[in-house]
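First the structure, in the form of structure tokens, and then the observations on it.
The values are calculated or read from the model by the stated rules, or taken from the named source; none is laboratory data. This one's a predicted model, so the numbers in the text were calculated from it and none came from an experiment. We place every Cβ from the backbone using ideal geometry, glycine too, and count neighbours over all the protein chains shown. Accessible surface areas use protein heavy atoms only, side chains included; no ligands, DNA or RNA. Shrake-Rupley method; radii C 1.70, N 1.55, O 1.52, S 1.80 Å.
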Amino acid sequence: MHIFQEKSNRRGHIEVICGSMFSGKTEELIRRLKRAKFAHQRVEIYKPTIDTRYSEEEVVSHDKNAIASTPVDSSAGILLSEAAEVVGIDEAQFFDEGLVAVCNELANRGKRVIVAGLDMDYKGVPFGPMPGLMAIAEEVSKVHAICVKCGNLAYVSHRIVDGDRRVMLGEHGEYEPLCRDCYNKEKQGQ
Ligand code: ZN
């Protein structure tokens with residue numbers, strides 16, 4: 001994974017970390033938040049209540065790296081983070097569209113806002129508030145998984161089990177990262 005340049009002396013801004021499943025975006029979010037904590041900055045972390053794959057109160061990445069977080073029902077709940085200097089948000093694609101305005105407001109109040117989420121759903125469609133967040137962010141880091149078919153950089157999280165619910169959560173076995181070519185071949189084969 002790339003080591004991203006961080007401008008931690010810059011006040012009030014938005015960073016977006018996006019990519020497919022298994023791209024390491026939650027790991028990158030956790031890395032940035034832990035560094036802020038080591039620097040004695042006040043950090044608060046939020047995730048949507050829907051993301052209860054492994055733990056109710058922790059942001060957990062696929063490699064079990066965990067950091068304590070607060071589950072909230074809607075983006076408005078994040079605005080309550082008055083004391084935080086750094087606000088982390090995981091699985092942002094599952095939040096309502098109001099998250100864009102919420103992140104803007106937090107940045108305007110001088111907070112560093114770090115948002116991680118899926119850029120696209122399993123059909124390759126931009127996911128929830130992510131495109132709006134990417135547009136207003138000062139910094140966007142697109143991270144990539146490796147295509148399981150050919151080893152190129154992956155582009156999308158292809159669903160390999162039945163089901164049409166967009167909010168199905170990504171545990172191992174449900175999705176596989178594919179590059180554009182391999183994804184298109186899979187679609188043609190169906
Ligand atoms: Zn491929």
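Taken over the range 121-136, the criterion of being away from the ligand (no atom under 16 Å from the Cβ) and open to solvent by 20 Å² or more (accessible area, probe 1.4 Å) is satisfied by Lys123, Val125, Pro126, Gly128, Pro131, Gly132, Met134, Ala135, Ile136. Only one of the numbered conditions (1) closer than 16 Å to Lys25 by Cβ; (2) within 16 Å of the ligand (Cβ to nearest atom); (3) in a loop (DSSP other than H, G, I, E, B) is violated by Gly151, and that is (1). I need the full set of residues from the range 138-166 which are under 19 Å from Phe94 (Cα atoms), open to solvent by less than 20 Å² (accessible area, probe 1.4 Å) and among the hydrophobic types (A, V, I, L, M, F, W, C), in order please. Correct list: Val143, Val156. Listed by first and then second residue, the pairs linking a residue in the range 164-190 that is at pLDDT 70 or above to a residue that is within 16 Å of the ligand (Cβ to nearest atom) and of a type in the set (Phe, Trp, Tyr), with Cβ atoms under 6 Å apart and 6 or more places separating them unless they lie on different chains, are Pro177/Phe22; Cys179/Tyr155; Arg180/Tyr155.
If you go through the range 86-137 and keep only what is closer than 22 Å to Lys37 by Cα, not in a helix (DSSP H, G or I) and not small (Gly, Ala, Ser), you end up with Val86, Val87, Ile89, Asp90, Glu91, Arg109, Lys111, Arg112, Val113, Ile114, Val115. When Asn104, Asn152 are checked against the criterion of being closer than 28 Å to Leu178 by Cα and of a type in the set (S, T, N, Q), a single residue qualifies: Asn152.
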